[in-house]
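Before any comments, here is the structure.
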Amino acid sequence: MTISTKECKKIILLFLAVVVFKLSCDYGYWKITALDTEKYLLRFHFGKYLLSSVLLLAEFLGIRHFRRSASSFLMMLFYLLQMIPLSTIYALGDDSTAYYLAVSLGFLFCEILLWKRLSFPEVLREKRLSFLMTAGFTAITVFLLAYLVLINGKPSTQALDIYQVYDLRSSGRFRIGKYQGYLLTWMMGAILPLFIVLTLEKKRYLLAVLGASVMFLVYLYTGYKTYLFAIPLVVVCTLWAERKNCYYEFFILACAAFSALVVLACFSPLKRSFFENVYSLIGRRMMLVPANNKFKYFDFFSSHPKLGIYGIIPTWLVPIRSPYEKINYSYLISQIYYNHPEMNSNTGFLAEGYMRFGYVGIPILFGILALLLEGIDRFQDRCGYVTAVGLFVYPIFSLSDGQLLNNMVAGEWLILICILLFYNRKRLFEEKTLCLKKSKTW
């Protein structure tokens, strides 16, 4: 495998953009986020900063930037949104070296598995089965929309103010049954993103707007900001993935835009300026809050019982007892570390392995992630790069706050795995030609 000089220049430019992104993340934490001393520490440790910088460099080099593969795109997204903010909390908040090393080595382990090309089960994929899946997805969407309107009436306009979504959630206004809740998770995490991606690829923009409108409607009902963020994420990544150099363009511009946002937020003469509010949503809530919570989860479960497989398998199927049946641990963590017992301090994938199985759980979870990413690349071989990136960008993005194992049993990853294994469609001729040309170069 040889990499051209032109490709090397692109990788170097991307690396420089990542360095600026990292420094901006640190500066935003130092100047804005850590001013909330009730939730964050501001205690710079040079040795930890140096260690995290070396590990981030190794992680960057481990991503296969030169391959037009969905797994490379998704790993880079994961790296920017989770690994870099985690390094900021670790070094500038003087947090646990043991946990940070375990997670960093787990990420490198995932990269090694992807370089090794994991075996992925090949199953029968017929067009009729794909048609039946599409029909089933349509039925779920129509039924659930009718159910939401009948049970909840008109959606509230309260969620139009994104800062009032917590009041909307705590009001108990949104009602949904247990099993309908599973369908809602499937629809928002897999079915609607697939619909939007396919309609955008076919240039049926009115249908894509319809799918995005349904996601926005559900956001108005629930107040879940991840549903709102998913809309531009899926649309932008799908449209951008059609470009030949989309990988470098997307991430270089994303790094530059975030860095500009931090500068504008830190140096704006107005208190609580527009830019600071946007930074609060993206830099603080989307990146640093989940990273901070991951260290709190590690500290909590270091001295409390682990969850094991509780919550993965439905209790009605296998009655597994939890040490936290009478206490919600996410609220207990808020009470212990933030003095806010009413707050739900949820976090996602990077804390899940240790929370369940201790240190051994971290490489297990990263191994599962590598297997899924390999499956996404095989899905790309059947359905195309654009479809693979557009469909899976939101599920990977949501791992910042969402868990993986229980979502594989009853959540959106159950449907996504079914799509990985069985879904098939005719690929665009232009992309087939491009992939053939690229494969000869690689």
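Looking only at helices (runs of 4 or more DSSP H) that lie completely in segment 9-126, which have at least 2 residues being aliphatic (A, V, I, L, M) and under 20 Å from the mean Cα position of the chain (by Cα)?
Those helices (runs of 4 or more DSSP H) span 70-78, 84-92, 97-116.
Scan Ala265, Ala256, Ala260 and give me the residue that is farther than 21 Å from Phe60 by Cβ, open to solvent by 40 Å² or more (accessible area, probe 1.4 Å) and among the hydrophobic types (A, V, I, L, M, F, W, C).
Residue meeting the stated conditions: Ala260.
Tell me, please, whether a residue that is in contact (Cβ under 8 Å) with a residue 60 or more places away in the chain, within 30 Å of Phe44 (Cβ to Cβ) and either surrounded by fewer than 19 Cβ atoms within 10 Å (Cβ to Cβ) or of a type in the set (Gly, Ala, Ser) (or both) can be found in segment 136-151.
no
Just name the residue that is most open to solvent (accessible area, probe 1.4 Å) out of those in segment 335-385 that are in a helix (DSSP H, G or I) and charged (D, E, K, R).
Per the criteria, the residue is Asp381.
With the requirement that a residue be of a type in the set (Ser, Thr, Tyr), farther than 16 Å from Asp94 by Cα and in a helix (DSSP H, G or I), what does segment 290-304 give you?
Keep residues of segment 290-304 that are of a type in the set (Ser, Thr, Tyr), which gives 297, 302-303.
Retained after the next criterion (residues that are farther than 16 Å from Asp94 by Cα): 302-303.
Scanning segment 290-304 gives a single hit, Ser302.
Of the conditions (1) open to solvent by 60 Å² or more (accessible area, probe 1.4 Å); (2) touching a His at 6+ places or on another chain (Cβ under 9 Å); (3) of a type in the set (A, V, I, L, M, F, W, C), Leu16 fails just one. Which one is it?
So Leu16 meets the others, but not (2).
Do we have Glu412 as open to solvent by 40 Å² or more (accessible area, probe 1.4 Å) and either among the charged types (D, E, K, R) or at pLDDT 60 or above (or both) here?
In short, no.
Of a type in the set (A, V, I, L, M, F, W, C) and under 30 Å from Asn292 (Cβ atoms): is that true of Leu194 in this structure?
So Leu194 fails the test.
Residue pairs, Cβ under 9 Å, 6 or more apart or interchain, first in segment 239-267 and within 26 Å of Leu200 (Cα to Cα), second crowded, with 17+ Cβ neighbours inside 10 Å and acidic (Asp, Glu). List them.
Glu242/Glu201; Glu242/Glu431
Out of Val235, Val214, I need the residue that is touching a helix residue (DSSP H, G or I) at 6+ places or on another chain (Cβ under 9 Å) and within 21 Å of Leu80 (Cα to Cα). Which one?
Step by step, each of Val235, Val214 is checked, and only Val235 is touching a helix residue (DSSP H, G or I) at 6+ places or on another chain (Cβ under 9 Å) and within 21 Å of Leu80 (Cα to Cα).
Give segment 196-242 a look and list any residue that's buried (at least 21 other Cβ atoms within 10 Å of the Cβ) and not hydrophobic (A, V, I, L, M, F, W, C), or say none.
Across segment 196-242, the qualifying residues are Glu201, Gly211, Tyr219, Tyr221, Thr222, Gly223, Tyr227, Thr238.
May I ask you to say which residue of Ser24, Ser69 is in contact (Cβ under 8 Å) with a residue 24 or more places away in the chain, more than 28 Å from Ser345 (Cα to Cα) and open to solvent by less than 80 Å² (accessible area, probe 1.4 Å)?
Ser69
Filter segment 42-91 down to the residues that are farther than 28 Å from Cys237 by Cα, modelled with pLDDT under 95 and basic (Lys, Arg) and list them by number.
Arg43 - this is the single residue of segment 42-91 that is farther than 28 Å from Cys237 by Cα, modelled with pLDDT under 95 and basic (Lys, Arg).
How many residues are open to solvent by less than 50 Å² (accessible area, probe 1.4 Å) and not aliphatic (A, V, I, L, M) if we restrict to segment 152-171?
5
Among the residues of segment 268-289 satisfying the criterion of being assigned to a loop (DSSP other than H, G, I, E, B) and basic (Lys, Arg), which is least open to solvent (accessible area, probe 1.4 Å)?
Arg272
The values are calculated or read from the model by the stated rules, or taken from the named source; none is laboratory data. Just so we're clear, the structure is a prediction, and the values are computed from it rather than from any experiment. Cβ sites come from the backbone with ideal geometry, for glycine too, and all protein chains shown count toward neighbours. Areas reflect the complete protein model, heavy atoms only, side chains present, ligands, DNA and RNA absent. Shrake-Rupley method; radii C 1.70, N 1.55, O 1.52, S 1.80 Å.
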